[in-house]
Amino acid sequence: MKNLIPAYVRVPVFFFIIFGAIEYFIDSGDRAAFIKYPMVDVILVVVLLLLIAIEMVISAADNIVYQLLPEEEKERLKAEEELPLKESAWFKNLMNKLTKTVPIENEGSLLLNHDYDGIKELDNNLPPWWVYSFYACIVFAAIYLVRFEILGADNQEMELKKELAQAKIDVEEYMKNAPDLMDEKTVTLLTDPEALAQGKEIFANNCAACHRADGGGQIGPNLTDDYWILGGGIKNVFHTITNGGRDGKGMVSWKTNGMKPKDIQKVASYVLSLRGSNPKDPKAPDGEIWKEEAAAITAAK
Ligand code: HEC
């Protein structure tokens with residue numbers, strides 16, 4: 001057979017097939033295996049050297065065999081080498097196998113013995129490439145039918161739905177473990193004393209100036225009563241602290257001021273823990289009375 005693909009194509013192709021296989025089979029998380037494990041690089045270099053070595057050995061062996069051939073064999077090989085691809089013996093052979101055509105000289109043997117106003121019919125073989133593709137289609141169809149219509153495997157739509165559902169779960173899981181990505185939808189009320197103590201410290205440092213150290217209210221409203229201008233409950237309070245109050249009222253966005261969602265959660269939880277603490281001389285209530293149940297009902301609507 002003629003050397004159709006030169007070595008400088010063959011070596012990289014084999015190399016990248018092996019490279020791809022390594023990446024496919026080695027579980028290296030979100031980084032490529034060859035970056036994560038330096039050992040893989042060593043293996044790849046060895047593989048590359050081996051491929052080159054194999055090519056060299058084969059070509060040397062070919063050369064020796066060629067030198068040992070008798071003169072007329074050499075001539076024959078050379079002639080073969082010089083033939084264009086379509087004329088070469090193996091190509092003709094391959095075509096013959098795929099199509100089973102009868103040479104035009106022997107066409108007579110295929111003539112069916114009927115004749116319609118001079119139109120005759122040849123009884124050619126079906127080309128094997130076509131016949132086998134057809135069989136493959138039948139096998140495919142049978143497997144497909146059993147798998148999807150009888151055993152009820154997931155179709156594309158179902159697969160997509162499942163993947164989306166899984167993705168949602170993954171995102172929720174991720175949000176839980178990445179508190180800095182928390183937003184008012186995922187925030188939860190903290191009740192452990194340690195978090196509340198940290199919240200108290202944040203409050204004393206940043207908020208007491210306007211809301212008073214006990215939350216009784218001064219420039220900012222009383223945070224200890226049941227009345228809320230911007231909504232009570234952890235989600236609203238978190239939202240207010242994150243994004244600030246109404247324009248021009250003095251309550252800034254603490255997110256813009258560089259407070260981390262995790263800290264906002266703590267200070268918000270602390271603020272809510274002040275409910276009903278009845279500080280001395282509180283500011284008069286602002287806003288509307290807030291009921292958690294009412295909020296739950298509105299949210300469910
Ligand atoms: C510069 C003064 C100022 C500072 C500092 C300040 N606030 Fe306020 N805060 C206000 C004002 C004024 C309002 C009322 C906003 C409105 O009416 O829209 C308010 C509203 C609020 C509300 C909503 C109250 C309601 O009734 O809906 C919360 C919760 C709150 N502040 C918490 C905090 C927290 C926590 C901090 C510290 C991180 C803080 N504030 C710092 C002035 C301040």
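The residue list 91, 215, 109 was ranked by how far each Cα lies along the charge dipole of the chain toward its positive end, using unit charges on Cβ atoms, and 215 comes out on top. Against the longest alpha carbon principal axis of the chain, how many degrees, from 0 to 90 and to the nearest 10, is the axis of helix 128-144 turned? With rounding to tens, the tilt is 30 degrees.
The angle between the Cα long axis of helix 156-177 and the main principal axis of the chain comes to about 40°, on a 0 to 90 degree scale. Electrostatic bookkeeping for residue 148 treats Lys and Arg as +1 and Asp and Glu as -1; over the other residues with beta carbon under 13 Å from its beta carbon, the sum is -3.
In the structure shown, do any of 162/266; 262/283; 162/185; 36/161 have a Cα-Cα gap over 31 Å, and if so which?
Violating the 31 Å Cα-Cα cut-off are 162/266; 36/161.
Can you give the net charge of the other residues whose Cβ lies under 12 Å from the Cβ of residue 128, counting K and R as +1 and D and E as -1? Could the numbers behind the result be given before it?
Working: positive: 97, 100; negative: none.
Here the count lands on +2.
Could you grab the Rg to Rh ratio for segment 1-89? Cα atoms only, Kirkwood for Rh.
Values: Rg = 19.1 Å, Rh = 16.0 Å.
A ratio of 1.19.
For the chain, the longest principal axis of the alpha carbon atoms and the long axis of helix 193-206 meet at an angle near 70°.
The three principal axes of the C-alpha atoms in the chain carry coordinate ranges of 116, 61, 37 Å, sorted with the longest axis first.
Averaging over all projection directions, the Cα-based convex hull of segment 193-300 occupies 6.8 nm² in the image plane. With K and R counted +1 and D and E -1, the other residues having a Cβ less than 13 Å from that of residue 205 yield a net charge of 0.
Quick note: the coordinates plus some simple rules give every number you see, no bench work behind them. Just so it is clear, the model here is predicted, and its values are computed rather than measured. As a convention, Cβ positions derive from the backbone with ideal geometry for all residues, glycine included, and neighbour counts pool all protein chains shown.
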